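One structure is given below, encoded as structure tokens.
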Amino acid sequence: MLNFTADILPARVRFGWGMDEAIAEEAERLGLKRLIVLSTRGRANDACGVAEALRARAAGTFHGAEMHTPVKVTLAAVSDAEALGADGLVTFRGGSATGLGKAIALRTGLPQISVPTTYAGSEATPILGQTEGGRKSTLRDPKVLPKVIDYDVARTMTLPVELTVTSGLNAVAHAVEALYAKDANPISEMMASAGLKAMIPALRTLAKNPSHRDARADALFGAWMCGGVLGQVGMALHHKICHTLGGLFDLDHAKTHGVVLPHATAYNAAAAGDALAPLEALIGGPAGLALHDLGVELGAPTALRDLGMPESGISEAVDNAMLNPYWNPKPQERDAIQSLVRSAWEGSPPTSAVE
Ligand code: NAD
């Protein structure tokens, strides 16, 4: 007998190839006349392209978005938005720009149009992670959810292979933890499975041929599904470890997910039971080892030490990850988590002892 609670988030999505017109149409539909375009540093020219798409509705640009949404950057952007008299936000590029838009929306209530070009999936969640004083804290608030998402496959064609792969594995991580989430429901299971089914074959194609348009479309669709479940159900130990590492050592968000996921999955696999079947149908089993092999096949980093994490940080990371732990299918034991983080730091395949 089915028995569940599902929290389905409102989402208006425009999906296709060459979606600039849709950005202008959505701004008009929302009655916005002075939008500020937010992006990461170094991609200024592209952000100007989005501002051009908005035509007279563009009030200006802010190019300072940074990974992990530092509060000091948000405050600078809020002040720019106020000085420009902005009545809305367009977030362009990856999760860093999306995070900045959410952080501004939280403080000002400004509506957002999201134009994501990575597979992080933040645009589909009411979650905001912010960093201050070396600690990343996460909140959920419907106020930060974009009003509309403009998924433009054409704008993802420039995503370099390395970012494509690591960002795609970030999306896979959302779906994997959604499969065994405490509050999983038939809709989240469908979305997580659909996300994995679209994303994993697309990554295999894009790792060899990043210009493959259909694979780009599949990956972007997969990113929406995987982000959608991240917003819908609770995440577990894997996300907790990644958030902790990101906050403590300022590690690259997507790469960290790709490195930790095989180890966290191996830790949880036995307790998750059949929940991981949709993943194993795509990559084989056992799931943790198969994810490790997938990362190697795609050329993704496999060791936290290669991302800049010091060996001396392992114990601190474990202590922090065990503070206010998220629900997890398997009880969280300090020694076992210490060896999980050590294997991820070394880059060794997850051992069958924790599988
Ligand atoms: P990112 O946004 O920092 O982008 C990485 C780099 O890729 C940047 O230099 C960016 O300019 C570049 N880039 C993006 N799209 C490109 C394209 N099409 N062509 C060329 N270059 C491109 O990285 P990310 O992994 O997308 O996002 C990470 C951030 O997102 C972290 O802060 C993380 O915490 C957050 N995040 C939040 C959620 C959530 O639900 N709140 C979910 C996932 C990630």
*asked:* Among (1) touching a strand residue (DSSP E or B) at 6+ places or on another chain (Cβ under 7 Å); (2) closer than 22 Å to Arg140 by Cβ; (3) open to solvent by 50 Å² or more (accessible area, probe 1.4 Å), there is one condition Val71 misses while meeting the rest; what is its number?
replied: (3)
*Which one of the conditions (1) in contact with a strand residue (DSSP E or B) (Cβ under 6 Å, 6 or more places away or on another chain); (2) open to solvent by 10 Å² or more (accessible area, probe 1.4 Å); (3) not in a helix (DSSP H, G or I) does Leu89 fail to meet, given that it meets all the rest?*
(2)
*Only one residue in Leu248, Leu282, Leu323 is modelled with pLDDT of 95 or more and in contact with a helix residue (DSSP H, G or I) (Cβ under 9 Å, 6 or more places away or on another chain). Which one?*
Leu282
*Please enumerate the residues belonging to segment 284-323 that are among the hydroxyl-bearing types (Ser, Thr, Tyr) and within 30 Å of Asp274 (Cα to Cα).*
Thr302
*Can you find even one residue in segment 39-57 that is assigned to a strand (DSSP E or B), in contact (Cβ under 8 Å) with a residue 24 or more places away in the chain and among the hydrophobic types (A, V, I, L, M, F, W, C)?*
no
*Which numbered condition trips up Glu132, out of (1) touching a residue at least 60 places away in the same chain (Cβ under 8 Å); (2) under 19 Å from Ala11 (Cβ atoms)?*
(2)
*Quick one: which residue in Ala219, Ala207 is away from the ligand (no atom under 11 Å from the Cβ) and either modelled with pLDDT under 95 or open to solvent by less than 10 Å² (accessible area, probe 1.4 Å) (or both)?*
Ala219
*Quick check, is Met1 crowded, with 18+ Cβ neighbours inside 10 Å and among the aliphatic types (A, V, I, L, M)?*
no
*Identify, from the list Leu54, Leu35, the residue that is open to solvent by less than 10 Å² (accessible area, probe 1.4 Å), modelled with pLDDT under 95 and away from the ligand (no atom under 15 Å from the Cβ).*
Leu54
*For residues that are among the charged types (D, E, K, R), at pLDDT 95 or above and out of contact with any strand residue (DSSP E or B) (no Cβ under 6 Å at 6 or more places or on another chain), scanning just segment 94-143, find the one that is nearest to the ligand (Cβ to nearest atom).*
Asp141
*Taking segment 16-32, which residues are away from the ligand (no atom under 16 Å from the Cβ) and either among the polar types (S, T, N, Q) or open to solvent by 50 Å² or more (accessible area, probe 1.4 Å) (or both)?*
Glu21, Glu25, Glu28, Arg29, Leu30
*Determine whether segment 80-89 contains at least one residue that is touching a helix residue (DSSP H, G or I) at 6+ places or on another chain (Cβ under 8 Å) and within 13 Å of the ligand (Cβ to nearest atom).*
no
_Positions within segment 102-123 being in a loop (DSSP other than H, G, I, E, B) and crowded, with 24+ Cβ neighbours inside 10 Å, in sequence order_ = Thr117, Thr118, Tyr119, Ala120, Gly121
*asked:* Pairs please, first residue from segment 243-257 and assigned by TED's automatic domain parsing to the domain that holds Asn320, second anywhere and more than 9 Å from the ligand (Cβ to nearest atom) and of a type in the set (Ser, Thr, Tyr), Cβ atoms under 7 Å, 6+ apart in sequence or on different chains.
replied: Leu245/Thr256; Gly246/Thr256
*Kindly check whether there is at least one residue in segment 183-191 that is touching a Phe, Trp or Tyr at 6+ places or on another chain (Cβ under 6 Å) and either surrounded by fewer than 23 Cβ atoms within 10 Å (Cβ to Cβ) or outside any helix (DSSP H, G or I) (or both).*
yes
_Here are the criteria: (1) in a helix (DSSP H, G or I); (2) of a type outside the set (A, V, I, L, M, F, W, C); (3) within 21 Å of Arg14 (Cα to Cα); (4) more than 9 Å from the ligand (Cβ to nearest atom). Tell me which single one Asp150 does not satisfy._
(1)
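The values are calculated or read from the model by the stated rules, or taken from the named source; none is laboratory data. Since the structure is predicted, the reported quantities are computational estimates derived from the model, not experimental observations. With ideal geometry, Cβ positions are generated from the backbone for all residues, glycine too; neighbour counts draw on all protein chains shown. Protein only, heavy atoms only, side chains kept; ligands, DNA and RNA dropped before computing areas. Shrake-Rupley method; radii C 1.70, N 1.55, O 1.52, S 1.80 Å.
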